[in-house]
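These notes are about the structure you will find just below.
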Amino acid sequence: MRYFIDEVTGPDKPKPEHSSLNKLTGKERELLQLLAEGKSTKEAARILHVGVKTVDARRRDLMKKLDRYTIAELTKIAIIEGLTSLEC
């Protein structure tokens, strides 16, 4: 775990020049943040005032756009891009 934290948040870690978040809609970005913060699909649906199936569809879309297919990979991107932090 420490390796992952150091790898993602190291002080010399440069920000990517072209943010992968530019590919996402505002709603996808919001969902990415919630998922990275550990919210379940049901919790995210309640917070976003949408149905569970809508959250599932948006998650599928953002995973496809980012070419990442696990919540862990999405969380790593959210942290690297500054969308969330390890202190949430």
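What follows is calculated from the coordinates using simple rules that are stated; it is not laboratory data. Just so it is clear, the model here is predicted, and its values are computed rather than measured. Please note: Cβ atoms are built from the backbone with ideal geometry, for glycine as well, and neighbour counts cover all protein chains shown.
Restricting the GluC sites (Glu not before Pro) of the stretch 33-80 to loop positions (DSSP other than H, G, I, E, B) with no more than 16 neighbouring Cβ atoms within 10 Å leaves 37.
A DSSP coil position with no more than 14 other Cβ atoms inside 10 Å describes none of the trypsin sites (Lys or Arg not before Pro) in the stretch 38-72.
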